[in-house]
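No lab work stands behind these numbers, since they all come straight from the coordinates. Owing to the predicted nature of the structure, the values given are computational and were not obtained by experimental measurement. Cβ atoms come from the backbone with ideal geometry, glycine included; neighbour counts cover every protein chain shown.
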Amino acid sequence: MSHDLIGALGQRLQALDGLALHRTRRIAQTPCAPRVRVDGRDMLAFCSNDYLGLASHPRVIEALREGASRYGAGSGASHLISGHSQAHAALEERLAQFMQPHIPQARALYFCTGYMANLAMLGALGGADAALFSESLNHASLIDGARLSRSAVQVYAHGDVAQLAALLRASTATTKLVVTDSVFSMDGDLAPLPALLQLCEEHGAWLLVDDAHGFGMLGQNGRGVLEHFQLSSPNLVYMGTLGKAAGVAGAFVAAHETVVEWLVQRARPYIYTTAAPPALAHALLTSLDIIDSVEGMARRAHLQRLITQLRQELVLSRWQHLPSTTAIQPVQIGRNDEALRAAAALCASGFWVPAIRPPTVPDGTARLRVTLSAAHSDDDLAQLVRAINALEGTI
């Protein structure tokens, strides 16, 4: 019997093409910045998560160079073997201090990626005796972590605090975990964290918060969504990424020191992987210095002005500008093919704005995902606004 494995996969790829769901990669030939060279063309980019413009900051680049000179190119082993360097230890101590106002007796743990951090905290804190309550619009890493945790998973509707309260009241599980994004990566809106935390404290549940798109950007001092809402609780388990607003790579989990020690002992994605290069951790110390400085405050203030400018000047009649107050500013179009045509038209005019389609977003909600950075100028944004306003009637 013949098994045409390659042919079967090819047919499935053709099906993606027919649904306008095939994805392609572009090759960036210059550093992450608003003005980039992509596939041989100069473009104005509104697609990265470099919210504070630190990915190409001279001080961060110099710190990375210094870190490589001091610690070498790689760590050589997992953290629990020999890969835990002085740079990693210094970064974790700095992050713990940074988050201390919001997490009593905070300790931090550095991970190679945010995806790994989410798998780690869900896997280590969940289990067969746990009930996990997951927000319906959670990031794929949280969904996968929930599946791998062996917990009984219940999904509550987006932002539906009443439904979550009913689920928690009905649960008899020994361990309860409520899991949510803070800033939803495709809509840009915020989870109702004060209400969620109150429920968790009432029901003896952990609140696991993925603040990938809030850390460094939200709060007066850039401490993220917890500072934005002025929250503090030992029930919080907080994940922040360091490759977005912090401009480098990796992620961290901050929680009560007992929680973090449990992760060190039981989180498989932490235990069984080679530690990130120490040079990255060394560079991130400089990123944190900038985030927690007058310069960081100025960058966040400029970013907020850009958000306000976009919301005031983008005028749409058929497409929908979703109600976001963050750097993620989606323009919902609807059909996959129409979103692709809109992105292609912008690309032809020199703007790099991605079309986001299912399964990343629900069917019928394909969109342009505009992301703003403090490195954008007022004129950069004005050019984009004019282009999108003119485009809507032609697609």
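Only beta bridges with both residues in the chain are counted; by DSSP, about 55 percent of them are antiparallel.
Using only alpha carbons, segment 58-291 has a radius of gyration to Kirkwood radius ratio (Rg to Rh) of 0.97.
Each of ALA195 and ALA15 was given a label point 7 Å from its Cα along the Cα-to-Cβ line. The distance between the two points is 3.9 nm. Residue order for LYS176, LYS244, fewest other beta carbons within 10 angstrom first, comes to LYS176, LYS244.
The coefficient of translational diffusion for the chain, derived via Stokes-Einstein from the alpha carbon Kirkwood radius under 37 °C and 0.692 mPa s, stands at 149 µm²/s. For segment 35-168, the alpha-carbon coordinates run over 53, 43, 30 Å along the three principal axes, in decreasing order. Highest mean packing first, where packing is the average number of other Cβ atoms within 10 Å per residue, the peptides 5-15, 180-190, 194-204 line up as 180-190, 194-204, 5-15. Set the Förster distance to 30 Å, then compute FRET efficiency between ILE61 and ARG266 from the Cβ-Cβ distance, nearest 0.05. E(calc), rounded to 0.05, equals 0.25. Think of segment 58-291 as a dipole: +1 on every Lys or Arg Cβ, -1 on every Asp or Glu Cβ, centred on the Cα centre; then among ALA255, TYR156, LEU109, LEU109 lies furthest on the positive end. Each Lys and Arg adds +1 at its Cβ and each Asp and Glu adds -1 at its Cβ; summed about the Cα centre, the chain shows a dipole of about 620 debye. Fraction of C-alpha pairs exceeding 24 angstrom in segment 173-315: 39 percent, rounded to a whole number. Counting every C-alpha pair in segment 254-395, the share spaced more than 23 angstrom apart comes to 53%. Computed from the Kirkwood radius of its Cα pairs, the Stokes-Einstein diffusion coefficient for segment 114-172 at 37 °C and 0.692 mPa s stands at 282 µm²/s.
Volume per residue for segment 181-221 equals 80 cubic angstrom (convex hull of Cα atoms). Of the residues LEU44, ALA245, ILE290, the one whose Cα sits farthest toward the positive end of the charge dipole of the chain, with +1 on the Cβ of Lys and Arg and -1 on the Cβ of Asp and Glu, is LEU44.
State the extension gain, in nm to one decimal, for the chain segment bounded by SER317 and GLU295, taking 0.36 nm per residue of separation less the distance between their alpha-carbons. Could the numbers behind the result be given before it?
Numbers: separation 22, 0.36 × 22 = 7.92 nm, distance 3.80 nm.
4.1 nm is the gain from fully extending SER317 to GLU295.
Counting only DSSP beta bridges whose two residues both lie in segment 58-291, roughly 40 percent are antiparallel. Among GLY224, PRO359, ALA63, whose Cα sits farthest toward the positive end of the charge dipole of the chain (+1 at Cβ of Lys/Arg, -1 at Cβ of Asp/Glu, about the Cα centre)? Positive-most Cα among the choices belongs to PRO359. Remark: segment 58-291 carries a charge dipole of roughly 500 debye about the Cα centre, counting +1 on each Lys and Arg Cβ and -1 on each Asp and Glu Cβ. Once both labels are positioned 7 Å from their Cα atoms along Cα-to-Cβ, the gap between ASN221 and THR24 label points is 4.7 nm. Net charge dipole, segment 18-118: roughly 280 debye, given to the nearest 20, about the Cα centre with Cβ charges of +1 for Lys and Arg and -1 for Asp and Glu. Projected label points at ASP144 and GLU257, each 7 Å from Cα along the beta carbon direction, are separated by 3.3 nanometres.
Rounded to two decimals, the Cα-based Rg/Rh of segment 111-249, with Kirkwood Rh, is 0.94. Calculated on C-alpha atoms, the gyration radius of segment 333-377 divided by its Kirkwood radius gives an Rg/Rh of 1.04.
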